[in-house]
Protein chains: 4
Amino acid sequence: MNSFGRIFKVAIFGESHGESVGVNIDGCPAGLPLTVEDFLVDIERRKGGTQKGTTPRKEDDLPIFKSGLFNNKTTGAPITIIFENKNTRSGDYEKLRDFPRPSHADFVAHDKFGGYEDYRGGGHFSGRLTVCLVAVGVIAKKLLQYQNIAVAANILEIGGEKDLEKGLQKAIDAKDSIGGIVECRANVPKGLGEPFFDSAESLISHAVFAIPAVRGIEFGTGFAAARMFGLEHNDAIIDTNGTTRTNHAGGIVGGISNGNELVFRIAIKPTASTPKEQETLNWNTGEVDTFSVKGRHDLCIALRVPVVLEAVTAMVLTDLMLLEQRIKRVV
Amino acid sequence: MNSFGRIFKVAIFGESHGESVGVNIDGCPAGLPLTVEDFLVDIERRKGGTQKGTTPRKEDDLPIFKSGLFNNKTTGAPITIIFENKNTRSGDYEKLRDFPRPSHADFVAHDKFGGYEDYRGGGHFSGRLTVCLVAVGVIAKKLLQYQNIAVAANILEIGGEKDLEKGLQKAIDAKDSIGGIVECRANVPKGLGEPFFDSAESLISHAVFAIPAVRGIEFGTGFAAARMFGLEHNDAIIDTNGTTRTNHAGGIVGGISNGNELVFRIAIKPTASTPKEQETLNWNTGEVDTFSVKGRHDLCIALRVPVVLEAVTAMVLTDLMLLEQRIKRVV
Amino acid sequence: MNSFGRIFKVAIFGESHGESVGVNIDGCPAGLPLTVEDFLVDIERRKGGTQKGTTPRKEDDLPIFKSGLFNNKTTGAPITIIFENKNTRSGDYEKLRDFPRPSHADFVAHDKFGGYEDYRGGGHFSGRLTVCLVAVGVIAKKLLQYQNIAVAANILEIGGEKDLEKGLQKAIDAKDSIGGIVECRANVPKGLGEPFFDSAESLISHAVFAIPAVRGIEFGTGFAAARMFGLEHNDAIIDTNGTTRTNHAGGIVGGISNGNELVFRIAIKPTASTPKEQETLNWNTGEVDTFSVKGRHDLCIALRVPVVLEAVTAMVLTDLMLLEQRIKRVV
Amino acid sequence: MNSFGRIFKVAIFGESHGESVGVNIDGCPAGLPLTVEDFLVDIERRKGGTQKGTTPRKEDDLPIFKSGLFNNKTTGAPITIIFENKNTRSGDYEKLRDFPRPSHADFVAHDKFGGYEDYRGGGHFSGRLTVCLVAVGVIAKKLLQYQNIAVAANILEIGGEKDLEKGLQKAIDAKDSIGGIVECRANVPKGLGEPFFDSAESLISHAVFAIPAVRGIEFGTGFAAARMFGLEHNDAIIDTNGTTRTNHAGGIVGGISNGNELVFRIAIKPTASTPKEQETLNWNTGEVDTFSVKGRHDLCIALRVPVVLEAVTAMVLTDLMLLEQRIKRVV
């Protein structure tokens, strides 16, 4: 399923080199003001800005509202937003059809969908669809803002370097792509999530692994907790609001937010489309062959992830806030 | 929701010191032979065996089949299995009611459920409910066995030590609890999972964070991928079956299993119930106070996790295999 | 799936002649007082009382709470209730195994579940499971009571007779079973339900057809509306509360409750287990043969339906009230 | 939720006088050939043809594929189809804003969505959205065709008359709208549906009540069964395929299709927008007032229902066929 959520239900669709990509949001409260302007900053952030290492692909990427808005406000009916695909140069990608690109979905998509998949530029598997997630995030973050909840994601390191310029330079020097780590924080009220299957961590990680290139997630102290003693890791509760002295838990205990800051990190693999020559299967010969990815690509896809991570996190929190009746059905 | 799955739908229930805990499984194929004996090994494994650091709590923990079986085979109707709670000493826990235990769900449960929660021994939040997950795992692994799929989880390290005895001894010496890392591997056929929201990683991590004490998950190379170059991380496809030379992806690309081994690791925090004296809020006084957790507890809860991790993984794979029509509705 | 509901999620399980039948309710608000006594009246009503035409099968049918209650109140965790099967005489049913009983599920169950179904007394398909629905209804009606919503179902006619005694006598005279019509009414607040797929009628009818023997449902004027003119059928709105002069709509317009009384009727077929000798396939010979149903049965199953109809209606309304945030997560 | 289905998941969106209406289908098997031509007949049928009593509103209503197709075949990725709204004359409807139209959703929509609803022409509640259902039906019927399953709906009576011309003439003479009855039949394989909550009747009726103006549904003998004796109503099984001598059950027993013909009927109310002058609340004055509906409307909306009924029925059957693994994930 390409959908997520119980109350705030999000479905994404589209292909990289088809006519468009888009999103359908069902269950958004009525009365939320929404205009194209609300989307511009985050859509620009997703492009990775003017930083080194991001792709020069330029698209207007303006959201086109197809349903669910009236007089610039949400109506309570399903919202459909479409982003047209312009400036696509399929030619570049057609050449690759001989090769299932390593660490891309080409091979599995072909196998799973019997060869009927739209393979151009990764088709439905393309990172292009993250613009739909960003659009969801704009709406979700605006809903959360009314509750004074802010979600913010930042890059912690690139290629192991906390100095991001330095990390990028490593990739540029190596003429190769490189990975990174992104952290997300949000001030979340107590009581979101449930024990076991719908724990806040379960829902957040479910949504986070919808972002292409994510290889891991850790909450609070995360993997470091595996090397700690109990007394060291336990967060002493210090007042009747549930404030804790430390926040090794990252704001979630027993699957439920405890009112302290939500903190988690994700690992982003190096962009699969490295400029380097690679080996992989040649579908025509059935033999291993060398090839090079053509076209426009990012050296470090992690640079574009923060706004997407904010988006899926805000999406989950919005759904949980609606479930807990902390966001009203009519704003 | 305390349920998971689209076809193979699992719901768990019960409280640590209530009458029982149990599980309802809807959508299990008909015709699977199932007896109490099938459960014994995994139930024993969950107890952590006779290893140092595991709790001495002894329970028969035999599954009681309430529905869905006939002539020792599944019928296709919902399966309900109950485990009675015996040998519970609520007295130990009643004393703790004055203190919301750090890193336990006491505080959030009280807040979320308005004080109506069954707080004895953690109630519905207790690790006791993992016996229900283990029961699901027994059934799921048996279904997968028919497809020659095996799921196996093992402890990789305790307290940062690959020599597990050494790790445990650290905890014993420190008179404190300690964390660990558990790895899961499975030979999974190609084609399970979907792009974006129902990626195999999304579903697995969703299920995995239902296990108490999990603080992180990483697939394949995981967090280390964030420090790698593309050429290093990409897995070259070397034959028409999709076999890859390396397996940094951990068997999943584009959200879909690629036929290589599924590999992922989880971080387990130190047992929240450390033997050490701790500080936390005293609910009676509203002030921070010191207290000690009484009762039976594990120094390293990670020791009990592998069988639970196998269980939730097998649960997810079974659901995906049914969705992909690789497991028949009648065995 | 044997489950229903988005917030107030209900799953039933069990077999007529297995050990027990039961229900799991996930999402019930915390703090609702609940004792065995709350169930007695409705469980008795389900037995059809001492009226002519109901089966003499006597069971204590007391609900056994397995989870989700603490100090006689709901905790917010999943509630599991079990009803033990006593006094079952499988012998009667074993004889029937040669014949798939007409209008029973014997044939389809055998076909669908590959012969692994528990066929004794209809197994999982048995009307016995309606006691689980009744239990759900007790809880749902109690929740609705706090909102001053009452749900009441009554028999309108038996065998075409509004004088119910007369209708039953027809069946007794004919030594055959007979059908009936049951009506349900509830004072429902405005705003429940959604356009199209989750219309209030969609959800109610979905739940209603979970009741065995239901052959049709109609809202408000129902089938008679097909013969009316628009002016006759339209309900004039006469005040700012949305009160309508007539109620041909049965309280639902555009899929959404309009604040007028919810009114709908269902058709119940004659009990499939008629005392009459019948023809049907003999599984042993592969030929049509005559046989008679043995055992205890109702002449008019409609007599037992009102309390079950109230139950599923209350279940739907509770879910919708929670979705619309009109019932709090903690009572 | 504006969505339906577990495997073949359908979500509709749009407003009568917004930019467009559309549908998103997730889970459609890959490899199904699909072109605009496939849709033309059913889209034309939905317009009610050139029969008396249907609205003269002319729209091209050509489906615009936004995603999920490649080389004129489905790809397995979500399919999005949009129908642009042309030729809308909002002016007609603006005038009605003073009056919540009787038997329309105007009042409930205003109340539920806090006045933010798009009220023009009924907005999201408009029958206009049934063109989306028709589009789903085209795809579902094509998938079913590969399994030799045909779904066909026909009008049985209009205004109580089996001679449809005569029924329509009654409405024309009365200068009023009128209701009707539509029947649906399909040859369905054994084994679709499940006992209780996901009975075939539950799922079909759920989907059917998504069609505006439906007031009732009955399967097989339906409401007449309530007046029958058991021996009369029971369908004798006459061969090992489960063929029954009669088909009072309408092809479903115990919630599961039995291999005999699926037969059910629905009641359609008279078009709410009658040409007659009506009374209703005047929102400006708070008093009851008279008004007349302007604009283009059908005297008998039932005339347009058959193709929509086929569509939702085929949608349900497709989902069930996929669930039962009778339709492959790749065609």
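The values are calculated or read from the model by the stated rules, or taken from the named source; none is laboratory data. Since this is a predicted model, take the numbers as computed values, not measurements. Because the Cβ atoms are built from the backbone with ideal geometry, glycine has one as well, and the counts that use them run over all protein chains shown. To get the accessible areas, we keep the full protein, side chains included, count just its heavy atoms, and leave off ligands, DNA and RNA. Shrake-Rupley method; radii C 1.70, N 1.55, O 1.52, S 1.80 Å.
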Worksheet entry | Residue among B:Arg265, B:Arg245 that is basic (Lys, Arg), open to solvent by 10 Å² or more (accessible area, probe 1.4 Å) and out of contact with any strand residue (DSSP E or B) (no Cβ under 6 Å at 6 or more places or on another chain) | B:Arg245
Worksheet item: Could you list, in sequence order, the residues of the range B:143-164 that are open to solvent by 60 Å² or more (accessible area, probe 1.4 Å) and more than 30 Å from B:Met321 (Cβ to Cβ)?
Response: B:Lys162, B:Asp163
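With respect to C:Thr240, is the statement that it is at the interface with chain D (Cβ under 7 Å from one of its Cβ atoms), assigned to a strand (DSSP E or B) and over 17 Å from the mean Cα position of the chain (by Cα) true?
Working: at the interface with chain D (Cβ under 7 Å from one of its Cβ atoms): yes; assigned to a strand (DSSP E or B): no; over 17 Å from the mean Cα position of the chain (by Cα): yes.
Taking the combined requirement at face value, the residue does not satisfy it.
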Response to the item:
Only unsatisfied item for D:Glu84, checking (1) at pLDDT 95 or above; (2) open to solvent by less than 30 Å² (accessible area, probe 1.4 Å), is (2)
Discussion item. Whether any residue in the range D:181-193 is in contact (Cβ under 8 Å) with a residue 40 or more places away in the chain, of a type outside the set (Asp, Glu) and touching a Pro at 6+ places or on another chain (Cβ under 9 Å) is what I want to check.
Written reply: yes
Fill in: Matching residues, the range A:135-150, being out of contact with any Phe, Trp or Tyr (no Cβ under 8 Å at 6 or more places or on another chain) and under 20 Å from B:Phe197 (Cα atoms)
A:Val136, A:Gly137, A:Ile139, A:Lys141
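Could you say which residue among A:Ser257, A:Ser205 is at pLDDT 95 or above and farther than 24 Å from B:Thr274 by Cβ?
Values: A:Ser257 fails: farther than 24 Å from B:Thr274 by Cβ.
One residue alone meets the criteria, A:Ser205.
Can you find even one residue in the range A:184-193 that is more than 21 Å from B:Asp111 (Cα to Cα) and modelled with pLDDT of 95 or more? Spell out how you get there, then give the answer.
The initial filter retains those residues of the range A:184-193 that are more than 21 Å from B:Asp111 (Cα to Cα), namely A:184-185.
From what's left, modelled with pLDDT of 95 or more: A:184-185.
The answer is yes, given that some residue of the range A:184-193 is more than 21 Å from B:Asp111 (Cα to Cα) and modelled with pLDDT of 95 or more.
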Worksheet item: Counting just the residues of the range A:186-202 that are hydrophobic (A, V, I, L, M, F, W, C) and within 7 Å of chain B (Cβ to nearest Cβ), which one comes out surrounded by the fewest Cβ atoms within 10 Å (Cβ to Cβ)?
Response: A:Phe197
Worksheet item: Going through the range B:279-331 one residue at a time, which ones are over 21 Å from B:Ala30 (Cα atoms), aliphatic (A, V, I, L, M) and open to solvent by 40 Å² or more (accessible area, probe 1.4 Å)?
Response: B:Val288, B:Ile301
Discussion item. Just to be sure before I move on: is B:Asp173 surrounded by fewer than 17 Cβ atoms within 10 Å (Cβ to Cβ) and acidic (Asp, Glu) in the structure I sent?
Written reply: yes
Response to the item:
Scanning the range B:248-262 for residues that are in contact (Cβ under 8 Å) with a residue 60 or more places away in the chain and part of a loop (DSSP other than H, G, I, E, B), the one most open to solvent (accessible area, probe 1.4 Å) turns out to be B:Glu261
Fill in: Contacts under 6 angstrom Cβ, first residue in the range D:308-331 being within 14 Å of chain A (Cβ to nearest Cβ) and over 17 Å from B:Ile7 (Cα atoms), partner among the small types (Gly, Ala, Ser) and surrounded by fewer than 24 Cβ atoms within 10 Å (Cβ to Cβ), 6 or more apart
D:Val330/A:Gly114; D:Val330/D:Ala30; D:Val330/D:Gly31; D:Val331/D:Gly31
Worksheet entry | Flag for D:Lys276 being open to solvent by 20 Å² or more (accessible area, probe 1.4 Å), within 11 Å of chain C (Cβ to nearest Cβ) and out of contact with any Lys or Arg (no Cβ under 6 Å at 6 or more places or on another chain) | yes
Worksheet item: Picking from B:Gly122, B:Gly167, which residue would you name as being open to solvent by 10 Å² or more (accessible area, probe 1.4 Å) and not basic (Lys, Arg)?
Response: B:Gly122
Worksheet entry | Positions within the range D:6-28 being crowded, with 24+ Cβ neighbours inside 10 Å and either closer than 14 Å to D:Ile79 by Cβ or of a type in the set (Val, Ile, Thr) (or both), in sequence order | D:Phe8, D:Val10, D:Ala11, D:Ile12, D:Phe13, D:Val21, D:Gly22, D:Val23, D:Asn24, D:Ile25, D:Asp26, D:Cys28
Worksheet item: Looking at B:Glu218, B:Glu183, which one is assigned to a strand (DSSP E or B), of a type outside the set (S, T, N, Q), surrounded by fewer than 23 Cβ atoms within 10 Å (Cβ to Cβ) and touching a Lys or Arg at 6+ places or on another chain (Cβ under 8 Å)?
Response: B:Glu183
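Among B:Gly250, B:Gly255, which is touching a strand residue (DSSP E or B) at 6+ places or on another chain (Cβ under 9 Å) and at positive phi?
On the way: B:Gly255 fails: touching a strand residue (DSSP E or B) at 6+ places or on another chain (Cβ under 9 Å).
None of the other options fit; the residue is B:Gly250.
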